[in-house]
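**Q** Structure below; questions to follow.
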């Protein structure tokens, strides 16, 4: 089945916080936030025909977060492609400039302009090589937005309904891909991509993931208390965000 990627190389953004500054507790052994959304609710959001994975990942994150905190918000394909066009210069009328986007550019657009009528307060970068930080990101924020160098073997594994596993011959890198991780356990990480839940082993994640971020948003934070789940120092995050605001 032909599918598209669309993540550009990691791009530094001065407004990126470091997630490690705010951690307090070890995460639980397993988390499965993704099951709150019915399997048949996930959508392609255009990523089967254009390289808008960085924006499709945001749509999936919005679905997951709001499903846990209130009525689920499902962006439209127009919402997703409009964001992709604004960030990348893609022309949906002609198909020109379908060249992908950098995750931090999409996160900045989500913060400053909004996607599907929702904005975030900011984002923080994780050390993707530290699996405990990755798990804490999923546990505390419901998701991490990751970028991977996507091997040809993974495309074959996805089409065959198999987990992403490291192979001795991965067929080379097809391009960059962005997906949200929503869960983890003894068998590795769980993301959503191309309208399906997808397992990936810890070894695959560590080999191919080249960037990872959590987002700070009221769609996940308890509005009545203004704090995140499980002792995250949200007040410190808000203060730091104010310090780097334009």
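**Q** State the Kirkwood hydrodynamic radius of segment 53-118 in Å, one decimal place, computed from all pairs of distinct Cα atoms.
**A** Evaluated on segment 53-118, it is 12.1 Å.
**Q** What fraction, in whole percent, of alpha-carbon pairs in segment 17-244 exceed 22 Å separation?
**A** Looking at segment 17-244, the distances longer than 22 Å represent 49 percent of pairs.
**Q** A further question follows. May I ask you to derive the FRET efficiency for residue 127 and residue 11 from their Cβ-Cβ distance with R0 = 22 Å, giving the value to the nearest 0.05?
**A** 0.80
**Q** Among DSSP beta bridges whose residues both lie in segment 17-244, state the antiparallel percentage, nearest 5.
**A** DSSP beta bridges in segment 17-244 are roughly 90 percent antiparallel.
**Q** For labels at residue 206 and residue 40 in the simple 7 Å Cα→Cβ model, what's the distance in nm?
**A** Placing both labels 7 Å along Cα→Cβ, they lie 4.0 nm apart.
**Q** If you don't mind, another one. At R0 = 25 Å, how high is the FRET efficiency between residue 99 and residue 165 if r is their beta carbon distance? Nearest 0.05 is fine.
**A** 0.25
Values quoted throughout were computed directly from the atomic coordinates according to the rules given, and no laboratory measurement underlies them. Every value quoted in this text rests on a predicted model; they were computed, and no experiment measured them. Note that each Cβ is placed from the backbone with ideal geometry, even for glycine, and that neighbours are counted across all protein chains shown.
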